[in-house]
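The values are calculated or read from the model by the stated rules, or taken from the named source; none is laboratory data. Keep in mind that what you see is a predicted model, and the values were worked out from it rather than measured. Neighbour counts are summed over all protein chains in view; Cβ atoms, including those assigned to glycine, are modelled from backbone coordinates with ideal geometry. When the accessible area is computed, the model is the full protein with side chains, heavy atoms only, and any ligands, DNA or RNA have been set aside. Shrake-Rupley method; radii C 1.70, N 1.55, O 1.52, S 1.80 Å.
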Amino acid sequence: MANILLTRIDNRLVHGQVGVTWTSFLGANLVLVANDKVAQDEVRQNLMDMVLPDTVQTRFFTLQKTIDVIHKAADRQKIFIVVETPQDVLTLVKGGVPIKEVNIGNMHYAEGKEQLSSTISVDEDDKKTFRELNELGVTFDMRKVPDDKRNKDILDMI
């Protein structure tokens with residue numbers, strides 16, 4: 001089974017907090033960005049690569065490619081998956097990716113979204129998706145950085 005350390009929802013995907021703080025905290029040696037758009041965008045890939053230490057490899061896969069190849073990961077790969085939305089996590093889980101815990105890092109506010117914290121805003125579809133993920137055995141953690149105090153469960157807030 002793939003050695004997935006953590007999956008993070010962050011609409012910014014890889015940036016300083018993810019590339020340095022979370023990666024080193026987890027001891028990850030591979031950051032897998034599962035995002036259909038970024039998988040086709042070399043410029044964004046290069047920008048994300050710039051914030052990661054040289055000791056950390058990156059993969060930029062579509063959601064489907066992640067589903068197709070995650071089970072071929074070597075045991076030595078300590079994988080940190082980063083996705084943009086809770087719906088992306090649900091697609092991966094339903095596709096057989098063994099995700100057990102999700103860190104909810106950043107979900108921007110937009111029209112029609114309810115702000116749960118300074119960095120997390122959800123709409124009705126997000127709420128439904130979190131509930132469905134929970135029914136599939138996924139747990140949640142709402143921290144920007146590892147040193148933050150664990151917040152209460154998102155399920156208690158939606």
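The table for this structure:
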| item | result |
| --- | --- |
| Any hit, region 51-66, residues being touching a residue at least 40 places away in the same chain (Cβ under 8 Å), open to solvent by 20 Å² or more (accessible area, probe 1.4 Å), within 14 Å of Thr7 (Cβ to Cβ) and touching a strand residue (DSSP E or B) at 6+ places or on another chain (Cβ under 9 Å) | no |
| Condition check for Val82: closer than 23 Å to Val138 by Cβ and either touching a His at 6+ places or on another chain (Cβ under 7 Å) or surrounded by 17 or more Cβ atoms within 10 Å (Cβ to Cβ) (or both) | yes |
| Verdict on Val138 being of a type in the set (Val, Ile, Thr), touching a strand residue (DSSP E or B) at 6+ places or on another chain (Cβ under 9 Å), crowded, with 17+ Cβ neighbours inside 10 Å and without any contact (Cβ under 8 Å) to a residue 60 or more places away in the chain | yes |
| Every pair of residues 6+ apart whose Cβ atoms lie under 9 Å, when the first sits in region 79-98 and is without any contact (Cβ under 8 Å) to a residue 60 or more places away in the chain and farther than 13 Å from Glu132 by Cα while the second is of a type in the set (A, V, I, L, M) and not in a strand (DSSP E or B) | Gly95/Leu63; Gly95/Ile67; Gly95/Ile70; Gly96/Ile67; Gly96/Ile70 |
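Table: residues versus (1) under 13 Å from Val82 (Cβ atoms); (2) at pLDDT below 95.
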{"residue": "Ala2", "(1), (2)": "no, yes"}
{"residue": "Arg8", "(1), (2)": "yes, no"}
{"residue": "Gly27", "(1), (2)": "no, no"}
{"residue": "Leu32", "(1), (2)": "yes, no"}
{"residue": "Ile70", "(1), (2)": "no, no"}
